[in-house]
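Derivation of every value follows stated rules applied to the coordinates shown; laboratory data play no part. Bear in mind the structure is a predicted one, so any value in this text is a computation, not a measurement. Heads up, the Cβs are rebuilt from the backbone with ideal geometry, glycines too, and the neighbour counts pull from every protein chain shown.
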Amino acid sequence: MLRVIRGHDFVRVGDLSTMFDVSEVTVRSDLADLARRGQVRRVHGGAVSPARGERPFEETQGAHWAEKTAIGRAAAALVADGDTVILDVGTTTTATARALLERSDLRDVVVFTNALNIAFLLEPATPRMTVVVTGGTLRPLQHSLVDPLGGLILDQINANIVFLGCNGIDPVGGVTNINLPEAGMKRRMQRAGRRRIVVADGSKVGAVELAPLCDVSEVDLLITGASADAATVAALRERGLQVLVAG
């Protein structure tokens, strides 16, 4: 299977299932194992060789824009007056922040974020919302703040909701991210939130990346879009994860 993937730009789960005469569930499990070893990169519907690196925020914010907007609005609808919210870095969490800004009905909401762009985006919502920036070391690629000193505030709070971004969510591989510094922050956010919600467009569903964040059993809800692979969504639900397809 690894030789086949290395010989092609992209290989589908269904093609590997037919080629090796095994079920698609088995293929996904094998691909998740290969991805954990760094030998392949899981993407929507299949796998590729792990040659591609992290892309800057500005390059990815326009991808799946309509889907991210729908996800953001569905996520923002879950926030109530008086809630304390943690907003992770990322393009889909940025769409969530934009939807929160549009909710002029919200009052007394406190938002903690490690994303500088999200903090600036929510500034006009003051004083309806109080925005707290976590601090830490700047990663210009994503405008994010990470360790050292990035997680000190997160270790001291209990939020009603945490909205986590990710680069992959898979029934076997769990929730994963493409870079290690932000993965550490995401784990701290996940521990600080009573309700843990992953927001991820359909291209992330079924993907497994370098840095594990948590198992899907440690997430309360996934909000994704219509482009998500239906079989993978079904498999996530079979693992007990609630999935909301927005749009």
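Shown is the FRET efficiency for Ser29 and Ala226, computed with R0 = 35 Å from the Cβ-Cβ distance and rounded to the nearest 0.05: 0.85.
Translational diffusion coefficient, Stokes-Einstein: compute it for segment 121-247 using the Kirkwood radius over C-alpha pairs as Rh, at 10 °C and 1.306 mPa s, and state it as an integer in µm² s⁻¹.
In µm²/s, the coefficient rounds to 104.
Label reach from Leu180 (point 7 Å along Cα→C-beta): in segment 128-159, amide nitrogens under 15 Å belong to 147-148.
The mean sequence separation of alpha-carbon pairs under 8 Å and at least six residues apart, normalised by the residue count of segment 57-245, gives a relative contact order of 20 percent. Once both labels are positioned 7 Å from their Cα atoms along Cα-to-Cβ, the gap between Leu244 and Leu138 label points is 3.4 nm.
Between the residues Val131, Pro181, Ile161, the greatest Cα displacement towards the positive end of the dipole of the chain, with unit charges on the Cβ of Lys, Arg, Asp and Glu, is found for Pro181. For the pair Asp81 and Ala234, what calculated FRET efficiency results from E = 1/(1 + (r/R0)^6), where r is the Cβ-Cβ distance and R0 = 45 Å, to the nearest 0.05? For R0 = 45 Å, the calculated efficiency reads 0.80. By the beta-carbon count within 10 Å of each Cβ, the least crowded to most crowded order of Ile169, Ile153, Ile223, Ile197, fewest first, is Ile153, Ile197, Ile223, Ile169.
With all projection directions averaged, the alpha carbon convex hull of segment 2-48 covers 2.8 nm².
When +1 charges are put on Lys and Arg Cβ atoms and -1 charges on Asp and Glu Cβ atoms, the dipole computed for segment 2-48 relative to its Cα centre reaches about 260 debye. Only Lys, Arg, Asp and Glu carry charge here, each on its Cβ (+1 for the first two, -1 for the last two); on that basis segment 57-245 has a dipole of about 260 debye about its Cα centre.
Gain in length, Glu102 to Arg37, computed as 0.36 nm per residue apart minus the alpha-carbon separation, to one decimal in nm?
Using 0.36 nm per residue and subtracting the Cα-Cα distance, I get 19.2 nm.
Remark: Cys214, Cys166 ranked as Cys214, Cys166, counting other beta-carbon atoms within 10 Å and listing the fewest first.
Dividing the summed -39500 (n - 2.57) terms of all DSSP H runs of n ≥ 4 by the residue count of the chain sets its mean residue ellipticity at 222 nm at -9500 deg cm²/dmol. With the alpha-carbon atoms of segment 181-224 aligned to their principal axes, the span from lowest to highest coordinate is 27, 22, 15 Å, starting with the largest.
Counted by Cβ distance under 10 Å from Ala125, the other residues give a net charge of 0, where Lys and Arg count +1 and Asp and Glu count -1.
Legend: ranking of residues Ser104, Ser227 from fewest to most surrounding C-beta atoms inside 10 Å; resulting order Ser104, Ser227.
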